[in-house]
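Below is one structure, written out as structure tokens; the observations come after it.
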Amino acid sequence: MAPTRRSAPAEEEEAQEPEQELVTLKFKDAITWRPGKAIPIDQLLKRLDKLSSELSDMDQETADEGPINKIAKEVASHQLLSHKDKGVRAYVACCIVDILRICAPNAPFTPSQLKDIFNLTINSIIPALFDPTHPYNNQHKHVLRSFAEIKSIVLVLDVDGYETLLLNLFTTIFDGVSKARPSSGEQVGKDVEFTMQEMLGVLIDDVTSLPAQVVDIMMAQFLRAAAPGGKDNGDHVPLDENQATLLLKEEPEAYQMAKNLCLQYPEKMARLVSQYFSDVIVDATSFMGRANGHRDDYEDDEDGPSGPTEADLKELRKAHTLIREVWKAAPMILQNVVPQVDAELNADNVHLRQLATETLGDMISGIGAAGPPPLPRLDPTAYPPLRLDGEDRVDVPITNILTTPMSAISFPQTHSQTFHKFLSRKNDKAGAIRASWTTAVGYILSTSAGGIGLSREDEIELIRGLGEKLSDTDEKVRLAAVKAIESFRFQDIISKLAPNGGVHKEGSVLSTLADRCRDRKPAVRVAAMALLGRLWAAATGELLAGNEVVKTALSGIPSRIYSTFYANDLELNVLLERVVYEFLVPLNYPPQKKGPKGASSNGNSQQQTANAALDQDAIRAERILLLVRGLDEGARRVFFSMQARQPQFATALSVFLKVCDQYNGGVMEEGADKITEGLQKAASNIARFLPEEGKSKADLVRFAKVNDRRNYNLIKYVIGSEHDFKTVYKALKELIKRIQGSKEPGIMDTLLPVLYRSGCFMFNRSHLSTIMEYSRTDKDGLGGVAHEILNEISQKNPQLFKSHIGQLCKDLVDQAPSATKENDSVVVETLKACSTYARKYPNDVPEDREFTQKMINYALYGQPARAAKYAVNILLAKKDEKSETSATDLMQRIMKDWTYGSKNFLNKLAAVSQLELLASKVTAEYDDKILNLTVQQILLQVRADAHDKDPNWVEDADMDEECQAKCLSLKVLANRLRSMEDVNEAKEKAKPVWSLFKKLITQDGELCKTKDTPKHHRSRLRLLAAQLFLKLCTQKHFDDILTAADFNKLALFTQDAVQEVRHAFIAKLQKYLAEGKLRSRFYTIVFLTAFEPNPQFKTRTETWIRSRARYFQGLKQHVLEATMARLLSLLAHHPDYNDDLDSLIDHARYILFYVSLVATEANLGLIFKYAERIKQTKDTLDPNSVAHRVLSDVAQAVIRKWQEKKNWVLGVWPDKVGLPLGLFSVLQSHSEAQAFAEKQYTPEGFDDKLDEVFRALDRKKKRKSVDEGASHPPSKKARATAQPKAPKATKTGAPKKAAVTPKPKKAATKPKRATSSPVVPDTDRRRSGRSRKSNTYIERDSSEDDEEMLDGVAEWEYEGGSGDERADKGDKEEDVDAPPEDEEEATGAEEEEKVAEDEEEEEALSTRRGGRLTKKTASAAATLPSRAKKAAPAPAPKKGGSKRAAKETEDDESELSDPAPSDEEEKEEEQEQEEEDGDDAKSSSVSPAPSSPPATSKAANGRRAIAAAAGGKSKATKAQPKAAPKVAPKGKAKAAAPAPARATRGARGKKVLSEETVDAMDEDSD
């Protein structure tokens, strides 16, 4: 059958050569049989074996084809090809392939025989190859090698229906190589796989076009890399080192075979693959016109085309998944497919655009069907912490070859146009696509484009886009951006994101990520805060090592996390605590090394021996110190406030446990109702600080019903300050395990935040020794932080020092100064801590002579001079005879050289000042000398020369000795008065001191008549005089001698020209008011801050006022409402008062400031009543003045317009109101009063001007979101504030104004709540006739949130009858006054340390004389349930009464903090503000308006004025009706730069400090 294969020329050429002898087949045995005469299998096998051997030895060139053709017919018979014996089939196949080799290129078989042959090969021979243990495996390999090497496999293409044979062949091979190992366990040889691949390559190379189904089979092999269910089907489960063998180290065999075939024949496969994907993608995109399927959610046209169905999308996703993997394996075959995906980017359907975006992103990243690599491991508990030079040890995850990003070629370079079109998708209108784009960019950056790298320009562009998406309007996009950064390794964060700017650099990616901590969506802020916490924890190693790059990038993370406390969000506060104790300083840090199995727990185990060198408490303390060192001022205050509230929450939890024990799971023998009520109250007292108060309370009650005594004991271990950290942590772990395994596991969600707040986790006795060690050695630069923490512990948790006070005192002794040796300045902080501890636990202080002598040395030689104060406090802590003897000894040594300028003179003054307060008997005999030196030689003389270039203010550290001496001298005079027990004597001795202080105030700090005092000296002296006035007025007999005129002069300190002076004065005033030490008339002073040019400080003041207003509202006491009368009197005697129109408008803004912060719909009628009542009185201070009547009309007009603006109902107050008798007096007749009441005092045009003020306020509110810029677009469009008409019954004065009519769709359905104080535009700036020179006030920067927190407060009461006398006698000037106050909000004292020192003095005096103030202990809270019924309602204002309201009930005093405002009211405020400004709108930075030049009035001397802003307009400049500008003047463009990321929201009412802040900041007075 073999045809002649040689041509004639070839035969002639061969004839010339020697002829080779042909080899003839010798095999003659029969291998076929007739039916019924079958050859036995064993004989047949021998014959076939013999034939196969002979054929294999024959060469193609020498074989005689005649006999071979004959035997070929027999071998290809149906009997042999379909024989049941596998050995027969194997030998037959061997014979056939050898025949094909010998007879090539002509096959001696018919087409039908060829078809049977290939069926035999595909269905029997090839499958058997996948079993290496097969008895005929060698024969099978021979067949495979022959087909591949001789390429006789191409004969399959000549068979009819070869497509089916090819499909079966490819399917059999790919399925076979991908199967698991056979039962024998032997692996299929690589030579077999390679030969199969070679055979398939021969077919691909020879075939004109592979059938589509075969291409499908090949492409399907790439999907073997996909995770079950697809790449989007779940998160990566982290594997430990012992599970590394579970991961694939190489691709599946079938995958590799398909990949190699594509790489071997790229051109042909490119055509085939292009056609394959064209069919799939075109089919999917053609579904756009269907009537069914998914409608595009982002289409505006409701009648637009429908998208593909779910089935269509499923197929399309599968195709795109395949494209990802093919790009990863063989990118060159997709050169014609990428343009098809490119076209999908322009599809109208969102699903298609999103799919194309995701696909291109993964292609650029080299991410295949298996999905992205697992997230890097940033373990916050890892120890030793991560270092960049050993990063592979920690955060590089165990890799899986299938999820390892890999890209053979650079996509941006190969497909530049498509890459840039992909970049443009970041601005897609669909949020889902922007989110997908953001996720893709994260992987592109983190994988460095599949490991092949990006150009610098492309990388910068992608990083910029990622930062923009962190501020996207869609929460899903923001969340995707946060998740994208999670995919970065720590090294990538430092090398790729850090160069863009650190956390503190506004606009950088890391800073914007930190902004997301305050995101309005919980999912975003949770992800952001957790990620930031892990990043900082991972960076601690480099931070300790002083890596400047890491420090610049990440050191600010804790500050940004802690600053979220200012958001006043209970849910956010819970999240903050979780991040602190689970990421920043994890409770299980450092992790304990697991000991060997069987190790005992008796302390002698190998584990304890191995860990002996690892001091876990020291490591943890070091992390705490590092955390605090990285906090800025505001965040540090939050940190310390959170630790300060721990004892209070612990007390409240102890009360709850006590009630739970009494409740006994609901089984009580007697007093069941009382105990149940106590349980409810105790649970409410805790639950009100948690996000879902109702649920939290129910959980706590369920906890009580479980009645697990072991749980009670475990909680006591957690909150007990006497337990070490190991005990506390183990107790918490056991408690969590027990509750989670109980029938009520959900209780833990409520109990855990409470335990975090109550447990001694941060300030623990186990950490103290390390902190004290760092304070001595200043290791790693942490000494200053250690001293600060020790000082805080001594003030807030002094009981922690009980076990360390001996060491603390020993350190003081060792480092004590002498006449020839100075002490280290940092020791003063330790001395201060010891002083605070000694005040509370005097019996724990050593009594030995050496310690006493060292304290005297500190008083005489300690540097800085304030060390003397602390040393004297320690000496006199016990107040016994021995203390007095030591004080006498110290006083005698001081008086030996009592002259100005002597050595350590400041120490002597500081010591005398404190001795005057605490041991006045010791200083009595030296009074003349003391007064002579302090007054005549120091205060009345000026030694330093004054210069025009002198600054107005210098910091404490820069004060010269003369200024310090003058300040200490003033304190000496004040302390002499404060220590006098006889009231009459004190009043008599106070007259000259009072006169001197008033002179300092009225003469701008100048006392010397012969020489000018330097300006910064005068600023210090007048500030201290004002503060000492306040301190003296905390004692009733001194307050009584403060006249109304002096009070008005004192109030002007809120408008001092020097910013530091007015801020420090207001801080001190807020502190005393919050502690209830000053009468309510002093609240009037804070409302003069209406024109405070520093918006940051003004916002803090507004926050404080709102807090006080809510507190008094909760007590149902009208304290701030009664302040309206005093405010109008103060304004009537203000130096800037004038009856011209502009001046009245300025005063109207004061009143508007007051109303916006104090007024509610409920109390507006009372405020109006006070304003109205004043008009019918006579001014006691100036009987001929009508200024108070003019301002009465102004106030009434402001109140009416505010009521219209808020759409409130102005109710008539039914009761009479009293006025301060010292300020107002009664008119002679009723007719006279009626005449004054009916007369209109405001000038013509006033109402129109006032309308402009309110319109400017509305415009300002609309502009509040401007600071956010493009990075924070509002979620809703700001709308104009509607001004509905007021009821006619209340419109008695001003003419009727048309209300602004809102659009129908925007119409408000309820009145808006007041959320911020009014802000005055530049053109309507207050004129100050008391300005002496121009200053420029810088606008608030991006750290305004950090300044909003105010310092803590404590509850005080009068003892020894003074309190009752004060309550009964009342303010002699008032007919209606306020009750003593408690505080729910912390004051913003900027001189916090000095404030604390003043409190020490008050405490020290409390035991020496009656009627002093004494601090309540935390134990008051322990009696909350039992004392609750004693609470009496606050008395309503009495008609015509003159007595002060009763002091607060014990129930109020015992709670953690003061009552919060109504939840409903706060939610309504927030909702309305969000509608106006958008959820993330920041407070705008307002440029200070220009002031007018000094007036020619009496106040033109320039005392205590807020300096006019540079470039101010003249007095003649009038505000035009529509002239309120929306931007600051050009000259102040830089000062008015917005702070988009962290602008304070206090002015909107959104960020008013939470009730948690009360106790968080409740500071113990030192």
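Taken as a whole, the condition of being of a type in the set (D, E, K, R) and over 52 Å from the mean Cα position of the chain (by Cα) applies to E881.
Is it true that some residue in region 655-668 is under 30 Å from the mean Cα position of the chain (by Cα), part of a helix (DSSP H, G or I) and of a type in the set (A, V, I, L, M, F, W, C)? For region 655-668, residues under 30 Å from the mean Cα position of the chain (by Cα), part of a helix (DSSP H, G or I) and of a type in the set (A, V, I, L, M, F, W, C): absent. Return a yes/no flag: does region 733-748 have any residue that is surrounded by 21 or more Cβ atoms within 10 Å (Cβ to Cβ) and in contact (Cβ under 8 Å) with a residue 60 or more places away in the chain. Checking region 733-748: not a single residue is surrounded by 21 or more Cβ atoms within 10 Å (Cβ to Cβ) and in contact (Cβ under 8 Å) with a residue 60 or more places away in the chain.
Scanning region 1171-1204 for residues that are open to solvent by less than 10 Å² (accessible area, probe 1.4 Å), farther than 15 Å from Y1150 by Cβ and under 49 Å from the mean Cα position of the chain (by Cα) gives a single hit, Q1203.
Does R1110 count as more than 23 Å from P1243 (Cα to Cα), open to solvent by 10 Å² or more (accessible area, probe 1.4 Å) and modelled with pLDDT of 90 or more? So that I can check it myself, show each step before the final result.
Values: more than 23 Å from P1243 (Cα to Cα): yes; open to solvent by 10 Å² or more (accessible area, probe 1.4 Å): yes; modelled with pLDDT of 90 or more: no.
No: the conditions fail for R1110.
In the set (1) in contact with a Gly (Cβ under 6 Å, 6 or more places away or on another chain); (2) in contact (Cβ under 8 Å) with a residue 60 or more places away in the chain, P817 fails one condition alone, (2). Run down E468, E506 and say which single residue is of a type in the set (D, E), more than 20 Å from G533 (Cα to Cα) and open to solvent by 10 Å² or more (accessible area, probe 1.4 Å). The conditions single out E468. Of everything in region 687-725 that's among the small types (G, A, S) and within 17 Å of E577 (Cβ to Cβ), which residue is surrounded by the fewest Cβ atoms within 10 Å (Cβ to Cβ)? Restricting to residues being among the small types (G, A, S) and within 17 Å of E577 (Cβ to Cβ), the top hit is A687. Scanning region 125-177 for residues that are within 22 Å of P105 (Cβ to Cβ) and in contact (Cβ under 8 Å) with a residue 60 or more places away in the chain yields a single hit, H142.
Where helices (runs of 4 or more DSSP H) fall entirely within region 983-1099, those with at least 1 residues that are open to solvent by less than 20 Å² (accessible area, probe 1.4 Å), more than 24 Å from A1132 (Cα to Cα) and not acidic (D, E) are at 983-1002, 1015-1033, 1036-1039, 1059-1074.
Listed by position, the helices (runs of 4 or more DSSP H) enclosed by region 545-637 that each have at least 1 residues that are more than 19 Å from Y756 (Cβ to Cβ), open to solvent by 30 Å² or more (accessible area, probe 1.4 Å) and modelled with pLDDT of 90 or more are 548-554, 616-629. Going by the conditions given, is V728 buried (at least 21 other Cβ atoms within 10 Å of the Cβ), touching a residue at least 12 places away in the same chain (Cβ under 8 Å) and among the aliphatic types (A, V, I, L, M)? Considered against the rule, which asks whether it is buried (at least 21 other Cβ atoms within 10 Å of the Cβ), touching a residue at least 12 places away in the same chain (Cβ under 8 Å) and among the aliphatic types (A, V, I, L, M), V728 comes out as yes. Here A484, A432 are screened, and the one residue that is touching a residue at least 12 places away in the same chain (Cβ under 8 Å), in contact with a Gly (Cβ under 8 Å, 6 or more places away or on another chain), assigned to a helix (DSSP H, G or I) and surrounded by 17 or more Cβ atoms within 10 Å (Cβ to Cβ) is A484. Quick check on region 401-419. Is at least one of its residues in a helix (DSSP H, G or I), surrounded by 16 or more Cβ atoms within 10 Å (Cβ to Cβ), among the aromatic types (F, W, Y) and out of contact with any strand residue (DSSP E or B) (no Cβ under 8 Å at 6 or more places or on another chain)? Yes, there is a match, as at least one residue in region 401-419 is in a helix (DSSP H, G or I), surrounded by 16 or more Cβ atoms within 10 Å (Cβ to Cβ), among the aromatic types (F, W, Y) and out of contact with any strand residue (DSSP E or B) (no Cβ under 8 Å at 6 or more places or on another chain). Helices (runs of 4 or more DSSP H) fully within region 75-191 that include at least 3 residues being closer than 26 Å to A38 by Cβ, at pLDDT 85 or above and among the small types (G, A, S): 86-103. Kindly establish whether W898 is aromatic (F, W, Y) and within 46 Å of the chain's Cα centre (by Cα). It is false that W898 is aromatic (F, W, Y) and within 46 Å of the chain's Cα centre (by Cα).
The values are calculated or read from the model by the stated rules, or taken from the named source; none is laboratory data. On a predicted model such as this, the values are computed, not experimentally measured, just so you know. We place every Cβ from the backbone using ideal geometry, glycine too, and count neighbours over all the protein chains shown. SASA here: full protein model, heavy atoms, side chains in, ligands and nucleic acids out. Shrake-Rupley method; radii C 1.70, N 1.55, O 1.52, S 1.80 Å.
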